[in-house]
1. Can you tell me which residue among G42, G70 is modelled with pLDDT under 95, closer than 24 Å to G115 by Cα and crowded, with 18+ Cβ neighbours inside 10 Å?
2. Return the residues of the range 104-118 that are under 29 Å from G149 (Cα atoms) and open to solvent by less than 30 Å² (accessible area, probe 1.4 Å); say none if nothing qualifies.
3. Quickly run through the range 105-127 and pick out the residues that are of a type in the set (V, I, T) and touching a residue at least 24 places away in the same chain (Cβ under 8 Å).
4. When residues of the range 4-21 are filtered for being outside any helix (DSSP H, G or I) and either within 12 Å of ligand 1 (Cβ to nearest atom) or out of contact with any strand residue (DSSP E or B) (no Cβ under 8 Å at 6 or more places or on another chain) (or both), how many remain?
5. Hey, can you tell me all the residues within the range 44-68 that are more than 12 Å from ligand 2 (Cβ to nearest atom) and either within 14 Å of S15 (Cβ to Cβ) or touching a residue at least 60 places away in the same chain (Cβ under 8 Å) (or both)?
6. Which of the residues belonging to the range 119-154 are in a loop (DSSP other than H, G, I, E, B) and surrounded by fewer than 17 Cβ atoms within 10 Å (Cβ to Cβ)?
7. Answer with yes or no whether V157 is modelled with pLDDT of 95 or more, surrounded by 13 or more Cβ atoms within 10 Å (Cβ to Cβ), touching a Ser or Thr at 6+ places or on another chain (Cβ under 7 Å) and not in a loop (DSSP other than H, G, I, E, B).
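The values are calculated or read from the model by the stated rules, or taken from the named source; none is laboratory data. Given the structure is predicted, the values throughout are model-derived calculations rather than measurements. Here the Cβ positions follow ideal geometry from the backbone for every residue, glycine too, while neighbour counts run over all protein chains shown. When the accessible area is computed, the model is the full protein with side chains, heavy atoms only, and any ligands, DNA or RNA have been set aside. Shrake-Rupley method; radii C 1.70, N 1.55, O 1.52, S 1.80 Å.
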Amino acid sequence: MRTIADHVLDIAQNSVNAQATHVKIKFVEDREKIVIKIRDNGCGMDEEKLSKIFDPFFTTHKEVRRVGLGLPFLKQNAELTGGYVHVSSTPKIGTILEATLFKTIDCQPIGDLAGAFATLVTSSTDVIWEIERCLEKRCYEFSSKALDGVDLSSPKVIKMIFEYFKSMELSL
Ligand SMILES: Nc1ncnc2c1ncn2[C@@H]1O[C@H](COP(=O)(O)OP(=O)(O)OP(=O)(O)O)[C@@H](O)[C@H]1O
Ligand SMILES: [Mg+2]
C-alpha cells in the first residue's frame, strides 16, 4: 500500500529532478490532519506547465521509471480525505507545494517517514535538506549542513542517519 511517506519521497524527488540545491520539507501533524510543505529552488514551472502537473501521465522526464503519476496520486489521496494540494511555482526561482490530508478513514497510513527523510538526505547529497517535523506540539529539525565533511558514502554513516531519524520519530 502507498503511504504518505512515499508521497514525501516522490515530491521531494521532483525537487531533485528540477535541479534544486536547497529543499525545505515541513511535515506537521496533529490529531486532525497532516500538512506537508515542500519548497525548492529548482527550475520552477511556467503557467502552462503548472496547469498540467495534475494530469495523469504528464511528465517532462524521459526516463523509463518516470510515469508522471506522482502529483496526480498525491492530489487524489489528499482529496479523498477532504484535503487538497496546492502548487505555486516561478520559473528559475523554484516551487512550493503544500498538501493537507485529513485523518479520516480514507487517509493513508503515514508509513516510514524516518526512512523517507534518511533516504533523501543520503541519496541526494549535493542538496541542502532542511527538515522540520512536528507532531502536535513536539518538533524536531534537521539540516544536512550538519553533515558537512561527513562521508555519506560510508555504509556505517548511512546506517547512523537512518537510525538518527528513527530515534527522532520515536521521541515525538
Ligand atoms: N518541484 C518541481 N519543480 C519543477 N517541476 C516540477 C516539480 N514537481 C513536478 N514538476 C513537473 O511536473 C511533472 C509531473 O510531476 P509528477 O511527480 O506527477 O511526475 P514525474 O515526477 O514526472 O514522474 P513520477 O513522479 O511518476 O516518477 C514533472 O515531470 C515536472 O515537469
Ligand atoms: Mg514525481
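1. G70
2. Residues satisfying the conditions are L113, A114, G115, A116, F117, A118.
3. Scanning the range 105-127 gives I110, T119, V121, T122, T125, V127.
4. 3
5. G44, M45
6. Those that are in a loop (DSSP other than H, G, I, E, B) and surrounded by fewer than 17 Cβ atoms within 10 Å (Cβ to Cβ): T125, D126, E136, K137, D148, G149, V150, D151, L152, S153, S154.
7. So V157 fails the test.
To keep it simple, each residue is scored yes or no on (1) within 16 Å of ligand 1 (Cβ to nearest atom); (2) touching a Cys at 6+ places or on another chain (Cβ under 9 Å); (3) over 23 Å from I34 (Cβ atoms).
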residue: V67; (1), (2), (3): yes, no, yes
residue: V85; (1), (2), (3): yes, no, no
residue: F142; (1), (2), (3): no, no, no
residue: Y164; (1), (2), (3): no, no, no
